[in-house]
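*Asks:* Just passing along the structure, written as structure tokens.
The values are calculated or read from the model by the stated rules, or taken from the named source; none is laboratory data. Only a predicted model underlies this, so the values are computations on that prediction, with no experimental measurement involved. Here the Cβ is made from the backbone with ideal geometry for all residues, glycine too, and neighbour counts use every protein chain on show. The accessibility values were calculated without ligands, DNA or RNA, using every heavy atom of the protein model including side chains. Shrake-Rupley method; radii C 1.70, N 1.55, O 1.52, S 1.80 Å.
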Amino acid sequence: MTKKKIETLDDFVLDENTKNVIKFAIQAARKKNESLKHILLTGAGGLGKSTLAKVISNEYNPNGHFFIEYGPKIKNDIAIINTIRKMKDGDILFIDEVHAIKDQTIIEMLYSVMQDRVINVRVGKSSLSKPTASITVIAATTDLWKLTDSFIGRFPIKIDLLPYSDIQLSTMIHSYSDRNVDSSAAEKIAIMSRGIARLAVESIDTINLYADANDISTIDVSTVNSVLGLLNIDEYGLTMIQRDYLKLLSDDFNRSLSINMISSLLNKPKQELERFVEPLLIELDLIEKTTSGRNITQKGIELYQ
């Protein structure tokens, strides 16, 4: 069985109404011989916003170019202007975590590109307007509230990705696996993934490696349990360090703990905690980051108990 590549809307697990909105937008653009309308993708991390953006690009203009910019890394307008000036009619510019762009000058530059198809290049104390190609901007955000109404209004198409159902995740697991997965095993992985596509895909990738090493042709529940046991992952998909992190916050649930304090108590570098431990806990709404530190949520307390 060959692992399926997610290249078309039919491959992507998404509700039919949302798929139809995208298909109609693509059909309208082709019929009018104009660029695809700008699209804003919202939703929690791990739901497939980046994958969907690439799928839309494939469906709309398979011979075009797909450019990617990452919001937190956009510190000035030079790099993104250079990218836009390389683009041709029908190309897609995907901006991930667009809410992380702090410079209002960059946002205003995007306004003119999206609305007027011109780019304002600063020359000394003045600016020079240059026409751009007819491009489409697809932006993704996990924090819609951080975007202004004016910016949101530039996107005629808005798609909110919701957590996946266990049935949808099971379908995804079968698609991503390079061998047969029985229904009970797929269901177990789906439940453990708790609505997050990224977790389901990462889990089946790891289980496939175990199956390769042990000449297993069909993945069943015992195979899943063996892998979880080897990795010391619990039924919720949490590692030992993530469980220790939750226990620490649960013991002090009436007060916030700073990341430096957590790092010291767990004897782990704070960079490791921020990069590899906290993201899943945040995605699952088990902890929250505040200005005073980290807190365990009610959901986290209930899960830990």
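*Asks:* In this structure, does GLU69 turn out to be in contact (Cβ under 8 Å) with a residue 24 or more places away in the chain, closer than 16 Å to THR136 by Cα and in contact with a helix residue (DSSP H, G or I) (Cβ under 7 Å, 6 or more places away or on another chain)?
*Replies:* yes
*Asks:* Report yes if some residue within the range 95-104 is open to solvent by less than 40 Å² (accessible area, probe 1.4 Å) and either among the polar types (S, T, N, Q) or modelled with pLDDT under 85 (or both); otherwise report no.
*Replies:* Within the range 95-104, none of the residues are open to solvent by less than 40 Å² (accessible area, probe 1.4 Å) and either among the polar types (S, T, N, Q) or modelled with pLDDT under 85 (or both).
*Asks:* Here is a further query. Take the residues of the range 120-147 that are closer than 22 Å to ASN33 by Cα and β-branched (Val, Ile, Thr): which is modelled with the lowest pLDDT?
*Replies:* Step by step, filter the range 120-147, then rank; the result is THR132.
*Asks:* Do we have ALA28 as of a type outside the set (Val, Ile, Thr), assigned to a helix (DSSP H, G or I) and within 16 Å of ILE157 (Cα to Cα) here?
*Replies:* yes
*Asks:* When the range 34-51 is examined, which residues are found to be more than 12 Å from ILE159 (Cα to Cα), modelled with pLDDT of 95 or more and buried (at least 18 other Cβ atoms within 10 Å of the Cβ)?
*Replies:* LEU36
*Asks:* Is it true that ILE287 is open to solvent by less than 70 Å² (accessible area, probe 1.4 Å), touching a strand residue (DSSP E or B) at 6+ places or on another chain (Cβ under 6 Å) and modelled with pLDDT of 90 or more?
*Replies:* yes
*Asks:* Quick check on the range 158-175: of everything there that is touching a residue at least 24 places away in the same chain (Cβ under 8 Å), touching a strand residue (DSSP E or B) at 6+ places or on another chain (Cβ under 7 Å) and open to solvent by 20 Å² or more (accessible area, probe 1.4 Å), which residue is farthest from ILE39 (Cα to Cα)?
*Replies:* ASP160
*Asks:* Let me ask something else about it. If a residue has to be surrounded by 13 or more Cβ atoms within 10 Å (Cβ to Cβ), at pLDDT below 90 and polar (S, T, N, Q) to count, how many in the range 233-282 make the cut?
*Replies:* Final tally of qualifying residues: 3.
*Asks:* Go through the range 202-232 and give me each residue that's touching a strand residue (DSSP E or B) at 6+ places or on another chain (Cβ under 8 Å), closer than 23 Å to GLY48 by Cβ and open to solvent by 60 Å² or more (accessible area, probe 1.4 Å).
*Replies:* none
*Asks:* Could you tell me which of the residues LYS75, LYS31, LYS54 is open to solvent by 20 Å² or more (accessible area, probe 1.4 Å), touching a strand residue (DSSP E or B) at 6+ places or on another chain (Cβ under 9 Å) and basic (Lys, Arg)?
*Replies:* Within the list LYS75, LYS31, LYS54, the selection yields LYS54.
*Asks:* Right, something else. Residues of the range 250-279 being assigned to a helix (DSSP H, G or I) and charged (D, E, K, R), which ones?
*Replies:* The answer is ASP251, LYS270, GLU272, GLU274, ARG275, GLU278.
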